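The values are calculated or read from the model by the stated rules, or taken from the named source; none is laboratory data. Predicted model, so just to flag it, every value in this text is computed and none were measured. Virtual Cβ from ideal backbone geometry, glycine too; neighbours counted across all protein chains shown.
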Amino acid sequence: MTTTTEQATTTDAPEGAGQHALDVLDRYGLLHSFDGPEHEDLIELATDLTGAELATITLVLPAEGVVRARVGSQVATIDAAESFTAVTVRDRLHPTVVGDMTADPRFADNPYVTGHHRVRAYIGVTVSSVEDEPIATVEVFDTRVREWTDRQVRHMTILGRMVEAHFELRRLLHEAFQGD
């Protein structure tokens, strides 16, 4: 996903980038089914470890984020222009950690911050494919300003790697069954 401003917007994506992202997610068998209760368990663990109210695993698509596992939220899709995911995948080697989203220019005007959701704190970790392409994020959100601890950030990084390993296993199984 290409971004051109501090606000998470998608523009100037290379031609074919959207289809390429869809192809990568399809190789993982993530586009049309997502029946892994282990992902719900990992997201629940994320809220337990961080004390956050909300947590998601969100697939990275060209025009939107598709929430495939969630705790504390009913949101199923998020327009790319409103998604925190674009900011998170921009620096996919490091977690995005924000204690007060109203004070962070990348998020301060975001409808999920200014609107009725009132998100105030966030940790996001990128989940990448074996080709090192961002395919999802593991995120926790809170409706109160807070300081995240190094331990909480480390726990989220570990959970991100666990989701990555689950996705990779899913890709291998998907490829094995496609060959039959």
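Quick check: is even one residue across the stretch 158-168 at pLDDT 95 or above, in a helix (DSSP H, G or I) and under 12 Å from residue 121 (Cβ atoms)?
No: the stretch 158-168 contains no residue that is at pLDDT 95 or above, in a helix (DSSP H, G or I) and under 12 Å from residue 121 (Cβ atoms).
Residue pairs, Cβ under 7 Å, 6 or more apart or interchain, first in the stretch 87-109 and over 19 Å from residue 61 (Cβ atoms) and in contact (Cβ under 8 Å) with a residue 60 or more places away in the chain, second surrounded by fewer than 22 Cβ atoms within 10 Å (Cβ to Cβ) and among the acidic types (Asp, Glu). List them.
Matching pairs, first to second residue: 105/6; 106/6.
Quick one: count up the residues across the stretch 81-101 that are in contact with a helix residue (DSSP H, G or I) (Cβ under 6 Å, 6 or more places away or on another chain) and surrounded by fewer than 21 Cβ atoms within 10 Å (Cβ to Cβ).
Residues in the stretch 81-101 being in contact with a helix residue (DSSP H, G or I) (Cβ under 6 Å, 6 or more places away or on another chain) and surrounded by fewer than 21 Cβ atoms within 10 Å (Cβ to Cβ): 2 in total.
For the stretch 63-130, which fully contained strands (runs of 3 or more DSSP E) count at least 1 residues that are at pLDDT 90 or above and closer than 20 Å to residue 20 by Cα?
The qualifying strands (runs of 3 or more DSSP E) are 121-128.
How many of the residues in the stretch 160-180 are within 20 Å of residue 53 (Cβ to Cβ) and surrounded by fewer than 23 Cβ atoms within 10 Å (Cβ to Cβ)?
Looking only at that region, the number is 0.
Among the listed residues 111, 105, which satisfies the condition of being surrounded by fewer than 17 Cβ atoms within 10 Å (Cβ to Cβ) and more than 22 Å from residue 148 (Cα to Cα)? Can you show your working first?
Details: 105 fails: more than 22 Å from residue 148 (Cα to Cα).
Exactly one of 111, 105 is surrounded by fewer than 17 Cβ atoms within 10 Å (Cβ to Cβ) and more than 22 Å from residue 148 (Cα to Cα), namely 111.
On the basis of being farther than 26 Å from residue 157 by Cβ and either at pLDDT 70 or above or of a type in the set (Val, Ile, Thr) (or both), does residue 56 make the cut?
Here the answer is no, as residue 56 does not meet what is asked.
What about residue 4, is it in a loop (DSSP other than H, G, I, E, B) and either surrounded by fewer than 14 Cβ atoms within 10 Å (Cβ to Cβ) or at pLDDT 85 or above (or both)?
Numbers: in a loop (DSSP other than H, G, I, E, B): yes; either surrounded by fewer than 14 Cβ atoms within 10 Å (Cβ to Cβ) or at pLDDT 85 or above (or both): yes.
In short, yes.
Applying the selection to the stretch 123-180, what residues are more than 22 Å from residue 66 (Cβ to Cβ), acidic (Asp, Glu) and without any contact (Cβ under 8 Å) to a residue 40 or more places away in the chain?
Residues satisfying the conditions are 150, 180.
Among 176, 136, which is modelled with pLDDT under 95, part of a strand (DSSP E or B) and not β-branched (Val, Ile, Thr)?
136
Cβ-Cβ distance below 6 Å, separation of 6 or more or different chains: which pairs start in the stretch 49-67 with a residue that is under 15 Å from residue 148 (Cα atoms) and among the acidic types (Asp, Glu) and end on one that is part of a strand (DSSP E or B) and modelled with pLDDT of 85 or more?
53/142
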